[in-house]
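Input: a single structure, listed below in structure tokens.
The values are calculated or read from the model by the stated rules, or taken from the named source; none is laboratory data. No experiment lies behind these values; they were computed from the predicted model shown. All Cβ positions, glycine included, derive from the backbone under ideal geometry; neighbour counts span all protein chains shown.
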Amino acid sequence: MEKELIVSTGAVGESNFHIQLTPAYWRRIFKDEEVAELTLAYILEKLVQLKVQIVAYNYGPDHLHLFVANVRFVSEIELVRQIKGYSSFKMRKHFSFLFKNKLWGKKFWSEGHFYRSVGAVNKEIMKHYIEECQDKHWEKIEKPRVINNCQKKLF
């Protein structure tokens, strides 16, 4: 596999992450396709602002997997803080009626998250894992369509 290193002023390298986020109280809010679709759209908006690419994503009813690449301008923890904060604020402000019976207060996401750095050698394997291999752990949920122009960056 060809190495895909990013060259910028004073640095050469790459930084890719598999991130798993969980809604507050492990609620199964992503069984609702509209909640999943809107949440992903807000996450994509924030990733564009942060100049981070999304390579793959998939949902379980109670969690979200993201495989992101080109993480150069923020740390992993800041990336997660930004996408959770932005998507939580937007979802609660505009669409709380979709999940108010499952989540309450100012919480949308749980406090923690899972992450693992992923090297260039593993990109295709990681993409395959997130898109295909997780289905055995939960009932199949259709991937939400992307609302904005970020569709081009997905695959």
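When Arg72, Arg28 are checked against the criterion of being charged (D, E, K, R), more than 21 Å from Glu131 (Cβ to Cβ), in contact (Cβ under 8 Å) with a residue 60 or more places away in the chain and surrounded by fewer than 19 Cβ atoms within 10 Å (Cβ to Cβ), Arg72 stands alone in meeting it. The residue that is surrounded by the most Cβ atoms within 10 Å (Cβ to Cβ), among those in the range 1-14 that are out of contact with any strand residue (DSSP E or B) (no Cβ under 7 Å at 6 or more places or on another chain) and outside any strand (DSSP E or B), is Glu4.
Screening Ser87 with (1) crowded, with 16+ Cβ neighbours inside 10 Å; (2) modelled with pLDDT of 95 or more; (3) over 15 Å from the mean Cα position of the chain (by Cα) gives one miss only, at (3). Within the range 41-54, residues that are within 16 Å of Ile19 (Cα to Cα) and free of Cβ contacts under 8 Å to residues at least 40 places away in the same chain have Cβ atoms under 9 Å from residues that are of a type in the set (Lys, Arg) and surrounded by 17 or more Cβ atoms within 10 Å (Cβ to Cβ) in these pairs: Val52/Lys46, counting only partners at least 6 apart in sequence or on another chain.
Mind checking which residues of the range 19-53 are within 17 Å of Arg81 (Cβ to Cβ) and in a strand (DSSP E or B)? Answer for the range 19-53, where residues must be within 17 Å of Arg81 (Cβ to Cβ) and in a strand (DSSP E or B): Ile19, Gln20, Leu21, Pro23. Trp138 - would you say it is hydrophobic (A, V, I, L, M, F, W, C), over 23 Å from Ile6 (Cβ atoms) and at pLDDT 90 or above? Criteria not met by Trp138.
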